[in-house]
Each structure stands twice: as C-alpha cells, then as structure tokens.
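Colleague: I have a structure here, written as structure tokens, and I will follow up with some questions on it.
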Amino acid sequence: MAKVSIGLRGWRFEESEVFTEDGEFKPLDEMPEEPRDRLVRLTYLVEQPCDACYLVHGEAAVEQCRQAAIVYGEPGDELLLCGTHEADFLYWYREAGGKAYRGEPTFRDRFHEWFAGGGRAPDGYGGLDHVETDPENMPDPPDPEEIHRRLNDNFEGRRIDMREGWDDEDGDEEIDLDGVDLGTDYPSR
Ligand SMILES: [Zn+2]
C-alpha cells in the first residue's frame, strides 16, 4: 500500500485506488468515491495560482503569480502554495497560531488574513522537511492536460468541468466533511 501525490504535493492518494498495476489511471467509476472526488478536484487545482502570490498580485496581474505546487487542507477549502510561499505558510502554521485552525472551514481564510496583513516567515526560515517517498515505485504524475485528457477519456460522454461540478449543487462551496478522513495533508509538526 503506497501513498502517492499526484500533480501537486500535499494530498496523498492510495496508489492502488487510483492507478492500475500498469500505472495508468483507473476509469473514474472504478475508483472509490473519496479519492475520485479529490482527484477530479485536483485537475482543477493544478492550474490555479498560489494563494499567496494571488494576494500579492491580484487578478489584474494574475500572470505574475506562480502556479501552485502544494495543496494543503480539505477539498473545497484548499490552500494552494508555490514553493516560495510554502515557507510563509509553514511559519504561520507552526509559529503564528495557524495550527489551531487545522481542519476548520476557516483554515484558508485565517492564513489569507495573516498573509494579507503582512505576515511572513523570517528570512531564511526553513523547515521544508518533505518526506521523500520511494521514487522508484511512483508512477510519473501526468501533467494537467494529461490528467484532463485521461479523466475525460475515461468518463465517456460526461466531460468534467470541475469549476461547475463543485459549485453547482447548492450554490456555495460549503461541504460537510465532519468526521471524514480525507487523507489530506498538514505539516507533520
Ligand atoms: Zn506564491
């Protein structure tokens, strides 16, 4: 049983739930519901900018934002970060009270507030202690276009538009995730 990240670091997937033995994505209807929903959500997230970059540059200069490399938090309430801003996030989480909001719906907003208010990690703040998973056994994560193509190929006649699919049900993004182990990632300390 191996856990792998796909597309973005952060969320972990049980390899056998989403990949065939050949390292290809399974058809979506053969995946358990929870990882499938996160995987589909991921195909939208991989093309989004880093939240912190976005707070700095805004929609008017969105092209100056770096693309997200890491996803923290729960589906529908994710925090997306580039490699540079992950240090700020980790500092907030560990040293500036962020950990108290772990798993809460306000998790992302609290970080945004802190960052928008000028919160930053001190220069040289490190602590990027990512655990290297066994690279030999990991399927190559496909790029976003490839994920889109495969998912849509596998879901004949039902093209996936994550932006709509996620929002449409009740008109807001609140999702009841109480008590659900989503396998989502938070810093380990
Ligand atoms: Zn950034």
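Colleague: Based on the Cβ-Cβ distance of Asp109 and Glu34, what FRET efficiency does E = 1/(1 + (r/R0)^6) give at R0 = 30 Å, to the nearest 0.05?
Modeller: Plugging the Cβ-Cβ distance into 1/(1 + (r/R0)^6) gives 0.80.
Colleague: Lys and Arg at +1, Asp and Glu at -1: add these up for the other residues within a Cβ distance under 12 Å of Tyr91 and post the number.
Modeller: -1
Colleague: Per residue of the range 53-63, what does 6.51 cos²θ - 1.76 cosθ + 1.60 with θ = phi - 60° give for ³J(HN,Hα)? Whole Hz please, x for Gly and Pro, Karplus curve as stated.
Modeller: With coefficients 6.51, -1.76 and 1.60, one gets 4, 5, 5, 6, 9, x, 4, 5, 10, 4, 5 Hz.
Colleague: Taking the Cβ of Gly119 as the center, what net charge do the other residues with Cβ under 12 Å away carry, scoring Lys and Arg +1 and Asp and Glu -1?
Modeller: Overall, the nearby charge balance is -1.
Colleague: Where does the charge balance sit around Val62 when Lys and Arg score +1, Asp and Glu -1, over other residues with C-beta under 13 Å from its C-beta?
Modeller: Every neighbour counted, the sum reads -3.
Here, each number is a calculation from the coordinates, and none is a lab measurement. The structure presented is a predicted model; accordingly, all values stated were derived computationally and were not measured. Using ideal geometry, Cβ is built from the backbone for each residue, glycine included, and neighbour counts are taken over all protein chains shown.
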